[in-house]
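The values are calculated or read from the model by the stated rules, or taken from the named source; none is laboratory data. In this text, all values refer to a predicted model and were calculated from it rather than measured experimentally. Using ideal geometry, Cβ is built from the backbone for each residue, glycine included, and neighbour counts are taken over all protein chains shown. Just the protein is used for accessible areas: all its heavy atoms, side chains included, with ligands, DNA and RNA removed. Shrake-Rupley method; radii C 1.70, N 1.55, O 1.52, S 1.80 Å.
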Amino acid sequence: MTKPKDELLFLALGGSGEIGMNVNLYGCDGKWVMVDLGMTFADPGYPGIDLVLPDLEFIEKRADDLLGIVLTHGHEDHIGAVPYFAGELGVPLFATPFTAGLISRKLEEAGIENDVELNIIPNEGSFELGPFGFRYIPIAHSIAEGNAMLIDTPHGRIFHTGDWKLDKEPLLGVPSTPEELKAIGDDGILAMVCDSTNVFNDKASGSEGKVKRNLMRVVENIDTRVLVTTFASNAARLQTLGEVAKHSGRTLCVAGRSLDRIIENGREAGYFKDFPPTVSFEEAMNLPRSDVMIIATGGQGESRAALGRIAGNSHKIKLTEGDHVLFSSKQIPGNEIAIGRIQNQLAAKGIVMITERQEHIHVSGHPGRPELADMYSWIRPDILVPVHGEIRHMKEQARFSLEQGVPNAVFQENGDVVRLAPGAPKILRQERTGRLVLDGDVIIPADGQTLNQRRKSAYNGLISVAIALDEKGRIFGQPTLKLNGVPLEEDEEDFLDEVVDQITGKYRKPVGDVGKFNEEVRLLVRRAATEWTGKKPVVTVLLVEA
């Protein structure tokens, strides 16, 4: 059992070796604290699954030593798993007002708002948890109240960046200045745990202010209906789009419940004060095309989101030939096919599409190489710990930080227990980590029996065999086979006849050991299917005994 001694440990349970699902643990003097508790979205390798969650077995076994969960900001890959684990872990949560509002809604939806302690910390506020001291450091990102965490420990201070960028023209919030960040570095930083997402970008991520000006220019030159799709959680972009609508004299319509939640939560936290009023879908459709602008979810190709339904003619908002759709977002790797499908549907309607490839209408919320170099020079850590990236991103940031003069860089992956102090940084051991999935209302292992069976069925098909046995253990009547997804098409009847003949011909006498008989039939049917199709379907055998 790993219990921190007189040392400072770091352990990622998610987000190291992958983009998303960020969960980071710090251990000292027998206690642990968690920074962020995120989730990620499923890919085709998880059939029937929408959400992927971190496996927290390591800290669940040590829940008595966990002091609390500190949230840096409100993106789903940093807070999305909170409602699934906070009640079980039984520790207090800490977040700034905007993030706390999003978490509060999640807890209410899960029905556990009275079971979980949620502490709202003022912006730039501080608090203590056992041997750890925390201070929120405002930093630019694509959501309100993006924060780094300055963590005081008996062994030195940690600068945990969270998600960040540098922005000379932020439109939401006031990030720390270079002078303020230099002052933090002047007081000494043992380790900087840093976002690696855009390490391969040679240019800085860019300013939201420039995006606003470009969107204004693009929209004011369009004389038809305009729909802009962006990440629902990109509160800075929503603020920008509100200003674009006002500048262009267009009435605003918002399509997407997640957009409504972000706007409502932002207003409660003191943001979006000048956000224009919005109209219903019906009102928007009755306005002249040149007088309306729509903000919609679904820019990543989600079929059930607003844009997907609009493209498929199943939404109250209708687009007609000559209307414009602006993709004010970046394609997330893996979503290209889904996005392309929706764009093809829009193109078939004669919709004009503009993406970041044609116009500068999107900037990332993560740092490129120039920003990373600036942050290294301001914070001046003794150790750089890359997180929030795939292996290639984190390896490159480790290399880049050493090139920029950082004395030490530690490459680690989920499960690596890293001792940051005392002494030189060192990986001590590997703890088990993994993924869970939300399947309907049930949380199950991502590599467990259910999903493995579902994958096999999806790839190879399924054959169900029902056989009745009389009181003497002989086959009674004809076996019945049901095929699902087995590629036989017009040969199916011939295949079924052959398999039934094989079973009844081989087992004319009492079958004897029922368990052995069951397995023999399963293998017989699968071999026959393989001979006919080249596939190895999942075969289940149901025996009905008299």
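A few notes on this one:
- Once the Cα atoms are used to define both axes, helix 257-268 deviates from the longest principal axis of the chain by about 30 degrees.
- Using 0.36 nm per residue and subtracting the Cα-Cα separation, the extra length available between residue 260 and residue 64 on full extension is 66.8 nm.
- Near residue 322: Cβ cut-off under 14 Å, other residues only, Lys/Arg at +1 and Asp/Glu at -1. The net charge is +1.
- At q = 0.05, 0.07, 0.08, 0.12 Å⁻¹ the log10 of I(q)/I(0) for the chain amounts to -0.27, -0.51, -0.64, -1.11, computed by Debye summation with a single uniform scatterer per C-alpha, solvent ignored.
- Once backbone amide H atoms are built at 1.01 Å from N, residue 66 has 32 as its partners under 5 Å, excluding neighbours fewer than 5 places away on the same chain.
- Estimated FRET transfer efficiency when R0 is 22 angstrom, pair residue 210-residue 280 (beta carbons, to 0.05): 0.10
- Amide H contacts for residue 416 (H built 1.01 Å from N in the peptide plane; partners 5 or more residues away or on another chain; cut-off under 5 Å): 12, 431.
- Rounded to whole numbers, the Karplus 3J(HN,Hα) couplings from phi for the range 531-546 are 5, 7, 10, x, 9, 10, x, 6, 10, 10, 10, 10, 9, 10, 9, 6 Hz, using 6.51 cos²θ - 1.76 cosθ + 1.60 with θ = phi - 60°, and x at Gly and Pro.
- Spin-label pair residue 498/residue 174, simplified geometry with 7 Å Cα→Cβ offset, distance in nm: 7.8 nm
- Using 0.36 nm per residue and subtracting the Cα-Cα separation, the extra length available between residue 431 and residue 390 on full extension is 12.9 nm.
- Accessible area (Å², per residue) of the range 64-151, counting only protein heavy atoms and a probe of 1.4 Å: 33 Å²
- The share of C-alpha pairs in the range 137-286 whose separation exceeds 24 Å stands at 43 percent.
- DSSP beta bridges in the range 86-216 [antiparallel fraction, %, rounded to 5]: 75 percent
- Working from Cα pairs under 8 Å separated by at least six residues, relative contact order for the chain is 15 percent.
- Vicinal HN-Hα couplings computed from phi for the range 373-381 (Karplus, 6.51 cos²θ - 1.76 cosθ + 1.60; Hz; Gly/Pro x): 4, 4, 5, 4, 6, 7, 7, 6, x
- Spin-label model distance (nm) - residue 360 vs residue 321, 7 Å beyond Cα toward Cβ: 3.5 nm
- Whole-percent carbon and sulfur share, accessible surface of the chain, 1.4 Å: 47 percent
- Rolling a 1.4 Å probe over the heavy atoms of the protein chains gives the range 207-351 an accessible area of 43 Å² per residue.
- The Cα center of the range 473-546 and the Cα center of the range 80-106 differ in position by 52 Å.
- Using just its DSSP H runs of length 4 or more, each adding -39500 (n - 2.57), the chain gives a mean residue ellipticity at 222 nm of -9500 deg cm²/dmol after division by all residues.
- Protein heavy-atom accessible surface, 1.4 Å probe, per residue over the range 496-546: 60 Å².
- Principal-axis tilt of helix 208-220 within the chain, Cα atoms, nearest 10 degrees: 70 degrees
- FRET efficiency, 1/(1 + (r/R0)^6) with R0 56 Å, evaluated for residue 540 and residue 273 via beta carbons: 0.40
- Note on the range 1-151: Rg/Rh from Cα positions, Kirkwood definition for Rh, rounded to two decimals, is 0.95.
- Partners for residue 536 among lysines (Cα-Cα distance below 25 Å; same-chain residues under 8 apart left out): 456, 482, 506, 516
- Tilt relative to the chain, helix 97-110 - C-alpha long axis, 0 to 90 degrees, to 10: 20 degrees
- For residue 439, residues with placed amide H under 5 Å, excluding near neighbours: 444
- Hypothetical label at residue 335: residues of the range 217-246 whose amide nitrogen lies under 15 Å (7 Å Cα-Cβ projection): 228-235, 237-238
- Compared with the alpha-carbon gap, the fully stretched path from residue 527 to residue 291 is longer by 78.4 nm at 0.36 nm per residue.
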